[in-house]
Amino acid sequence: METIPYTVTPREDTGLINAKLGIWLFLASEVMLFGGLFSAYIFLRLGAVSWPEGSSILNVPIGTFNTLVLIGSSVTMVLSWAALAEQRFDRFRLYLGLTMLLSLLFLVVKGFEYSEKFSHHLYPSSSSFMAIYFTLTGLHALHIIGGLVVNGYLWGPGSKMWASDPERFTNRVEIAGLYWHFVDLVWIFLFPVLYLL
Amino acid sequence: MSLKHFHIFFIVVSTLVLFGLGVWGLNGYFKHDANGSNLIIALIAFVVGAVLIVYGIKVFQKLKAL
């Protein structure tokens, strides 16, 4: 069976391994997706007769808490990759496990926040602000779930690769880390835009 | 861009947003309604922002060696 080339050594023309080039192309498409929705937010706000201050509708302390949770998860994500680079598999599992716990905590808090809005009869159909709030944060939450699935695979069954091809596995974790950082970076922009401005 | 560089970029952006949040909290506390939660948010944001600066410097040195 022919193996996939450039999973460990970089291609001569791009200077990158295939997976890194692939993830950056994917992240570029994600920038366009979220960028389009951010543009929608700007145009909705500019076109509105009145626009509520985010902090008057949304819970800033909860948003702040979730921001800190995601920053923490990025820290543990990079530490899990660094642990593999230092050949410390036990540390890798600890840090990646923490990353998953933090992402679960984020989703639980987000769910609590959503249920609080629903209990006050605030739905996507309630106003343009609520529509764009649920669209942006809902799409972001789906990305968190996607990252959780990937990280869960790397923590569980996918980690068997460490025994057979450790360098390739380390690269996989780095690719997952790039995606995770992007998802967290989106929240770092979403939080001030929706909650504070 | 590698994960190392992206992480440093992320820490820089997060620090800036946290300091912005701190200013927002102080502004809300002193100029608007003296809401205690705004002051607490500001304090947390400034403290975590400062911790991130220290962490950023340390992790930069650690990642550079990898």
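The values are calculated or read from the model by the stated rules, or taken from the named source; none is laboratory data. Fair warning: this is a prediction, and the values are worked out from it, not measured in the lab. A quick note on method: Cβ atoms are made from the backbone with ideal geometry, for glycine too, and the neighbour counts reach across all protein chains shown.
Structure values in brief
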read-out: Filter result for the condition that a residue is under 30 Å from residue A:7 (Cβ atoms), buried (at least 21 other Cβ atoms within 10 Å of the Cβ), out of contact with any strand residue (DSSP E or B) (no Cβ under 6 Å at 6 or more places or on another chain) and within 14 Å of chain B (Cβ to nearest Cβ), over A:176, A:85; value: A:176
read-out: From A:122, A:94, A:84, A:136, residue being within 15 Å of the chain's Cα centre (by Cα) and not basic (Lys, Arg); value: A:136
read-out: All positions within segment A:44-78 that are farther than 18 Å from residue A:136 by Cα, more than 10 Å from chain B (Cβ to nearest Cβ) and under 20 Å from the mean Cα position of the chain (by Cα); value: A:69, A:73, A:76
read-out: Any hit, segment B:10-21, residues being at the interface with chain A (Cβ under 8 Å from one of its Cβ atoms), among the polar types (S, T, N, Q) and either buried (at least 18 other Cβ atoms within 10 Å of the Cβ) or part of a helix (DSSP H, G or I) (or both); value: yes
read-out: Some residue of segment A:13-24 being more than 18 Å from residue A:174 (Cβ to Cβ), away from chain B (no Cβ under 11 Å) and surrounded by 15 or more Cβ atoms within 10 Å (Cβ to Cβ); value: no
read-out: Filter result for residue B:37 (at the interface with chain A (Cβ under 10 Å from one of its Cβ atoms), closer than 18 Å to residue A:74 by Cβ, of a type in the set (S, T, N, Q) and assigned to a helix (DSSP H, G or I)); value: no
read-out: Qualifying residues in segment B:3-12 (those that are in contact with a helix residue (DSSP H, G or I) (Cβ under 6 Å, 6 or more places away or on another chain) and without any contact (Cβ under 8 Å) to a residue 40 or more places away in the chain) - the one farthest from residue A:23 (Cα to Cα); value: B:10
read-out: Some residue of segment A:88-98 being within 14 Å of chain B (Cβ to nearest Cβ) and either among the basic types (Lys, Arg) or touching a Cys at 6+ places or on another chain (Cβ under 9 Å) (or both); value: yes
read-out: Helices (runs of 4 or more DSSP H) enclosed by segment A:43-151 - at least 2 residues per element that are within 28 Å of residue B:60 (Cα to Cα) and modelled with pLDDT of 95 or more; value: A:60-85, A:89-119
read-out: Number of positions in segment A:1-40 that are touching a residue at least 24 places away in the same chain (Cβ under 8 Å) and over 28 Å from residue A:177 (Cβ atoms); value: 1
